[in-house]
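Chemist: Here it is, the structure in full.
Each value in this text was obtained by applying a stated rule to the coordinates, not by laboratory testing. A quick note: this is a predicted structure, and the numbers were derived from the prediction, not measured.
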Amino acid sequence: MFSRDKNKQNEELIEQIICEKYNNYYRMAYSHVKNPEDAEDIVQEGAYKAIKNCNSLRNPEYASTWVYRIMMNEIFRFMGNRKVIVLGEDEIPEIPFEDTYRDLDLKYALEHMNIKDRTVIELKYFEDMKLEEIAQVLDENVNTVKSRLYRGLKKLKLEFHAEK
């Protein structure tokens, strides 16, 4: 009987977290896949898996990072299943205007980073997560997360200094 009550509590907790952070999950997925329908599919599949597997949540105090990990796994799974088309330098379409907005430069720079470095930066600065939470979400050592963060920030700094 206790296990059934705990499962019900976990399910309600997970549903509440998904509802509260749905836009965050969607934004994170969209930042990786650049397609609203794919981002929606990723979040829906992640939500389904989180609710379906809520009985495996051992510590309710980590429920939020547990759901983030599921969402990140869905993003990585989706990205791994996508076919990537690489254009040659002469096949890149002309852009009819010059980008003068700094935030678009940041977006471009992030999109061209290693996915793991980029994910750490996005979770830290756009989702306002602590390094320990990011380590839990990505199932990595905190020192690895720190290294990815500092390496990614260094790359961004070099990218922006190169523009000047």
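Chemist: For each pair in Lys34/Lys124; Lys6/Lys146; Lys52/Lys130; Lys52/Lys157; Lys49/Lys157; Lys6/Lys116, compute the distance between the two Cα atoms and list the pairs where it is over 32 Å. Display every interim value, and only then the final one.
Modeler: Working: Lys34/Lys124 20 Å; Lys6/Lys146 35 Å; Lys52/Lys130 27 Å; Lys52/Lys157 42 Å; Lys49/Lys157 38 Å; Lys6/Lys116 34 Å.
Lys6/Lys146; Lys52/Lys157; Lys49/Lys157; Lys6/Lys116, as the Cα separations exceed 32 Å there.
Chemist: Give a residue-ordered list of calculated ³J(HN,Hα) values for region 13-24 (Karplus: 6.51 cos²θ - 1.76 cosθ + 1.60, θ = phi - 60°; whole Hz; x for Gly, Pro).
Modeler: Couplings: 5, 5, 4, 5, 4, 4, 5, 5, 10, 3, 5, 5 Hz.
Chemist: If I stretch the segment between Ser56 and Lys130 completely, what's the gain in nm (0.36 nm per residue apart, minus their alpha carbon distance), one decimal? Write out the running numbers ahead of the final one.
Modeler: Values: separation 74, 0.36 × 74 = 26.64 nm, distance 2.36 nm.
Answer, rounded to one decimal: 24.3 nm.
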